[in-house]
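Since every read-out is calculated from the coordinates, none of them should be taken as a lab result. Only a predicted model underlies this, so the values are computations on that prediction, with no experimental measurement involved. When we count neighbours, we look across all protein chains shown, and the Cβ atoms used for this are built from the backbone with ideal geometry, even at glycine.
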Amino acid sequence: MTSISTRILPSAAALLGAALLAACATPTAELPAAIKAPVGERAAFTWHATGVQIYECRAGDKGALAWQFVAPEAELFGPGGVKAGTHGAGPHWTALDGSKTIGTVKARANGQREADIPWLLLSARSAGGPGRLAEVTGVQRINTIGGNAPAKGCEVQADAGKRIRQDYSADYVFLVAR
């Protein structure tokens, strides 16, 4: 027998995903010039991501321990909160249809708050078969919420090797050639 809460929770999660997508469907501020779509590219579609940014406590450039970025792990949602794919290290984006694109950071701009990871412009290339992401030439990460490493908590040798997962959300605007 299925309890009422087991039936309601998936529906509530879908509604929450749709609400998050609607809330983040448009930029909260004008796009900084550094991350605007280059001439010759246009926005094709936007997927909303919810997930984590993973950091590890390790020695930085000057030998001091600090939180170092490892990888993102996120689910991607299209219109109406429908799951569209995943986002991971590389960085890469994989659609449910099997298509995949890999990005390289070209430019960045600060997030809206100190806790928010930067907004990015990335060049992209296909790394999979045909599908939704096959023709993507660039990606913008905008409307970030959270995800930055904490300022404290990685100062003593006992912290070395520890990993943390910082919740974040963002909109990924996929660009294609005009």
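Shown is the FRET efficiency for GLU73 and ALA177, computed with R0 = 30 Å from the Cβ-Cβ distance and rounded to the nearest 0.05: 0.55. For the range 101-178, the equivalent ellipsoid derived from the Cα gyration tensor has semi-axes of 31, 15, 10 Å, listed largest first. With a sphere of radius 14 Å drawn around the Cβ of CYS57, what net charge do the other residues whose Cβ falls strictly inside it have (Lys, Arg +1; Asp, Glu -1)? After counting each charged neighbour, the total is +2.
Neighbours of ASN143 by Cβ distance under 13 Å: Lys/Arg scored +1, Asp/Glu scored -1, total -1. Summarising the label geometry, the points placed 7 Å from Cα in the beta-carbon direction at ALA158 and LYS83 lie 3.9 nm from one another.
Just report the Cα centroid separation between the range 145-168 and the range 64-108, whole Å. If you average the Cα positions of each part, the centres end up 20 Å apart.
Looking at the range 29-94, the trypsin sites (Lys or Arg not before Pro) that sit in a DSSP loop and have at most 12 other Cβ atoms within 10 Å of their own Cβ are LYS62. Here the range 24-166 is treated as an ellipsoid with the same Cα gyration tensor; its semi-axes, largest first and in whole Å, are 29, 17, 15.
Extension gain, PHE45 to ALA115, is 22.6 nm, computed as 0.36 nm per intervening residue step minus the present C-alpha separation. Straight-line reach from LYS62: taking Cα to Cα under 19 Å and skipping same-chain neighbours fewer than 8 places apart, the aspartates and glutamates in range are GLU155, ASP159. In terms of the Cα gyration tensor, with a ≥ b ≥ c the square roots of its eigenvalues, is the range 75-140 rounded because a/c is under 1.5, prolate because a/b exceeds b/c, or oblate? Oblate, because a/c is 1.5 or more while a/b does not exceed b/c.
Remark: the range 83-128 carries a charge dipole of roughly 120 debye about the Cα centre, counting +1 on each Lys and Arg Cβ and -1 on each Asp and Glu Cβ.
The lysines whose alpha-carbon is closer than 27 Å to the alpha-carbon of LYS83, local same-chain residues fewer than 8 away aside, are LYS36, LYS100.
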